[in-house]
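Here is the structure we will look at.
The values are calculated or read from the model by the stated rules, or taken from the named source; none is laboratory data. Predicted model only: the values in this text are computed from it and were never measured. Cβ: placed from backbone, ideal geometry, glycine included. Neighbour counts: every protein chain shown. Please note that ligands, DNA and RNA were not included when accessible areas were found on the heavy atoms of the full protein model with its side chains. Shrake-Rupley method; radii C 1.70, N 1.55, O 1.52, S 1.80 Å.
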Amino acid sequence: MDIDILTIEQADCLMELIDDAQRIVICSHRSPDGDAIGSSLGLAGYLRSQGKEPFVSVPDMFPDFLQWMPGAQGIVRYDKHPEAVEQAMAGADLIFCVDFSQEERLGDMAPLLHEAKARCVIIDHHPSPTIPNEILISQPKMSSASEVVFRVIWQLGGFGHLTRQDAVCLYCGMMTDTGGFTYNSAAPELFFIISQLLTKGINKDKIYRNVYHNFSEWRLRLTGYVLYEKMHVFAQKRAAYFTLTRQDLRRFHYVKGDAEGLVNMPLQMKGIKLSISLREDTEHDNLIWVSLRSVDDLSCTKIAEKYFNGGGHLNASGGRLNCSMAEAEQIVRRAIEEL
């Protein structure tokens, strides 16, 4: 099956950039998720097979349920080690931007990328890339950045050098960004890729358990609370939303990642096509993080762009509101009414 995505010119240029680079940095977006971590670590594994020693960095903390991933302990967080990341970015001659293509998604790290003298390669699956680059590998129709990274490695002839640990990371990235292959994952090429990763000896069932069956007691109690107390259902509009305030998060001993996946749960109700979560930021006043999930042809992206200063994919998007939770609820209700 043909899964190549680069032109011959792009492939040759990318190989030349990698061969010539002495100091390579891989970075991903703030609040990194499974795809950000998986694609970064998978790419790092390939680069090591080419004799490179990439520096992998993220702006801030990633969820506890991803800490088990091979190589995760070697990722350098900017919020913990700013000087190390600043030095790496300033001294790099090649930077890979993985799973993002807009500077603002780097958060506090954005000025470092903007000021860097290195050549930049973007590997992403989000629309509307804006970062200046030497090579743009943007595939918005693909399931995940991890899928795009795999296809690049495959086309460059690097699959044979990937280790089982590298394959675990790439599979985990694809799995988490598709909700366990329940959305954005209808392309037959994706399952060909999975079949190839399985030849590396990965245990896909264990990967699933490590991510989805690895929550704390408080996360489970939070889930029950959200579904029973906080969920608002609009049956005629086939939509639902829920809120999480700072008080809620404190009550259930929230740690980063505990809200992951909750937005998918209302979609388990018969007839519901849209689910929206509103979560107060734990540090900043009047900042609400918005997550949207949908099914079929209902576009999360359009809703996120119109109402929530965001964007994303057809069935999975995000955004943010600078207002109180009460005001955010009014905006959500207006969005639902106008569906």
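Nearest 20 debye, what's the magnitude of the dipole of region 159-212 about its Cα centre given +1 on Lys and Arg Cβ and -1 on Asp and Glu Cβ? Write down the numbers at each step before the final one.
On the way: 5 positive and 4 negative charges, 46 e Å.
It works out to roughly 220 debye.
Which is the longest run of the chain containing none of the trypsin sites (Lys or Arg not before Pro) found in DSSP loop states (not H, G, I, E, B) with at most 12 other C-beta atoms within 10 Å?
Details: sites that count: Lys80, Lys117, Lys141, Lys270.
Between exposed loop sites, the widest span is 142-269.
If you roll a 1.4 angstrom probe over the protein chains with everything in place, what fraction of the accessible area of region 222-304 belongs to carbon and sulfur, to the nearest %?
On the way: 1950 of 4240 Å².
Here it works out to 46 percent.
Calculate, axis by axis, the spread of Cα positions in region 288-335 along the three principal axes, and write the results as whole Å, longest axis first.
Between the extreme Cα coordinates on each principal axis of region 288-335 lie 30, 16, 14 Å.
Using the heavy atoms of the protein chains alone and a 1.4 angstrom probe, what is the accessible area of region 1-49 per residue in square angstrom? Walk me through the numbers on the way to the answer.
Details: 1950 Å² over 49 residues.
In whole numbers, region 1-49 has 40 Å² accessible per residue.
What percent do you get for the relative contact order of the chain when only Cα pairs under 8 Å and 6+ apart count? Could the numbers behind the result be given before it?
On the way: 641 pairs, mean separation 45.9, N = 339.
So the answer I get is 14 percent.
How far, in degrees from 0 to 90, does helix 145-155 lean away from the longest principal axis of the Cα atoms of the chain, to the nearest 10?
20 degrees
Just checking my list (1) 56, 43, 37; (2) 58, 47, 40; (3) 57, 52, 44 against Cα extents along the principal axes in Å computed from this structure; which label fits?
Calculated Cα extents along the principal axes in Å: the matching label is (1).
For the chain, what is the mean residue ellipticity at 222 nm derived from helices alone (per DSSP H run of n ≥ 4: -39500 (n - 2.57); sum divided by total residues; nearest 500 deg cm²/dmol)? Write down the numbers at each step before the final one.
Details: 12 runs with 126 residues, N = 339.
Counting only the DSSP helices, I get -11000 deg cm²/dmol.
Just for the Cα atoms in region 1-139, what are the lengths along the principal axes, largest first, rounded to whole Å?
In descending order, the Cα extents are 40, 34, 33 Å.
Hey, if you put +1 on the Cβ of every Lys and Arg and -1 on every Asp and Glu Cβ in the chain, which of Leu66, Asn286, Phe234 ends up farthest toward the positive end of that dipole?
Value: Phe234.
Local charge sum around Ala110 (other residues, Cβ-Cβ under 13 Å, Lys/Arg +1, Asp/Glu -1)? Show your work: numbers first, answer last.
Numbers: positive: Arg30, Arg105; negative: Asp60, Glu86, Glu103, Glu104, Asp108, Glu115.
Once all neighbours under 13 Å are counted, the net charge is -4.
Have a look at the DSSP beta bridges in region 214-337 and tell me what percent are antiparallel, nearest 5. Let's see the in-between values first.
Details: 19 of 25 bridges.
Expressed as a percentage, antiparallel bridges in region 214-337 total about 75.
In whole percent, and with a 1.4 Å probe on the protein chains, what portion of the accessible area of region 66-219 is carbon and sulfur?
Ligands and nucleic acids excluded, carbon and sulfur reach 49 percent.
Once you order the gyration tensor axes a ≥ b ≥ c over the Cα atoms, which shape class does region 194-288 get: rounded for a/c under 1.5, otherwise prolate or oblate by comparing a/b with b/c?
Numbers: a/c = 2.29, a/b = 1.42, b/c = 1.62.
Oblate.
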